[in-house]
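The values are calculated or read from the model by the stated rules, or taken from the named source; none is laboratory data. Not measured: the values here are computed from a predicted model. Cβ sites come from the backbone with ideal geometry, for glycine too, and all protein chains shown count toward neighbours. Please note that ligands, DNA and RNA were not included when accessible areas were found on the heavy atoms of the full protein model with its side chains. Shrake-Rupley method; radii C 1.70, N 1.55, O 1.52, S 1.80 Å.
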Amino acid sequence: ATFNMNGAVELYNDNVKTFETMSHGAYLYGPEGGTCNLYIYSDEGDDNADKWRIRNGDPGGSLTIQNYASGAWETSIECNGDGNVELYYDGSKKIETTAGGISVTGGINLTTNLSMLDNSELKLGTGDDLKIYHDGSNSYINDTSTGELYIQGDGFIGIRAYGTGENMAKFIKDGAVELYYNNVWKLQTSSLGLSINGH
């Protein structure tokens, strides 16, 4: 250790400086060609879940926040200079920023206070061309551009009632369009024209 009057305090490990104070903070150094780690343990670090570390330089200059809850160091957040930021769940990457936006692995589940989400819009397209939102009473899919709104499916497209699963309409590829009443088709197109079930 060296203690400089009106200057820095420097701490060494095996004659290599690893810590240095400065006028507005401190430096933490890793070895030449190696990583720099700051270990943060709660509760005296006597349980794996108590152990966290901030790691710089693994790989290629990235900054990661890792936990030891599973008995091995596992990344929770990774930040890469001039690049992406990644968020993990139990060691598995779930969200990643990209040059064009974000990439999500798995589903998106919003479990916060739903009243805060009313009238909040999911906007897609360079000019917010498509908007999906709920206004507290009803749900909307709005195509705000000058183009058309397409709903596409490979086999058929069905419209069903939530909860009961009752059919309301079917649009079948290379086949019929069917309209239903109380889960029974009442109108059906065919190659010959139109069929009506009932009166």
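Some notes on this structure:
- Any hit, the range 53-60, residues being at pLDDT 95 or above, open to solvent by 70 Å² or more (accessible area, probe 1.4 Å) and not aliphatic (A, V, I, L, M): no
- Selection of first residues in the range 186-199 that are modelled with pLDDT under 95 and of second residues that are basic (Lys, Arg), restricted to Cβ pairs under 8 Å at least 6 apart or on distinct chains, gives the following pairs, ordered by first then second residue: Ile196/Lys186; Asn197/Lys186; Gly198/Lys186.
- Condition check for Thr111: at pLDDT below 75 and under 30 Å from Glu74 (Cα atoms): yes
- Residues of the range 161-172 that turn out to be touching a strand residue (DSSP E or B) at 6+ places or on another chain (Cβ under 6 Å) and open to solvent by 80 Å² or more (accessible area, probe 1.4 Å), as a count: 2
- Among the residues listed as Gly81, Gly45, the single one being modelled with pLDDT under 90, in contact with a strand residue (DSSP E or B) (Cβ under 9 Å, 6 or more places away or on another chain) and over 23 Å from Tyr162 (Cβ atoms): Gly81
- Checking Ile159 against (1) farther than 29 Å from Asp129 by Cβ; (2) part of a strand (DSSP E or B); (3) touching a Lys or Arg at 6+ places or on another chain (Cβ under 8 Å), the condition it does not meet: (1)
- Lone qualifier among Asn67, Asn84, Asn13, Asn80 - being more than 23 Å from the chain's Cα centre (by Cα) and of a type in the set (S, T, N, Q): Asn13
One line per residue, one yes/no per condition, for (1) exposed (fewer than 11 other Cβ atoms within 10 Å of the Cβ); (2) part of a loop (DSSP other than H, G, I, E, B); (3) not β-branched (Val, Ile, Thr):
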residue	(1), (2), (3)
Thr21	no, no, no
Glu32	yes, yes, yes
Glu44	yes, no, yes
Ile65	no, no, no
Gly81	yes, yes, yes
Lys93	no, no, yes
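- Per the conditions (1) open to solvent by less than 70 Å² (accessible area, probe 1.4 Å); (2) assigned to a strand (DSSP E or B), the sole criterion not satisfied by Gly136 is (2).
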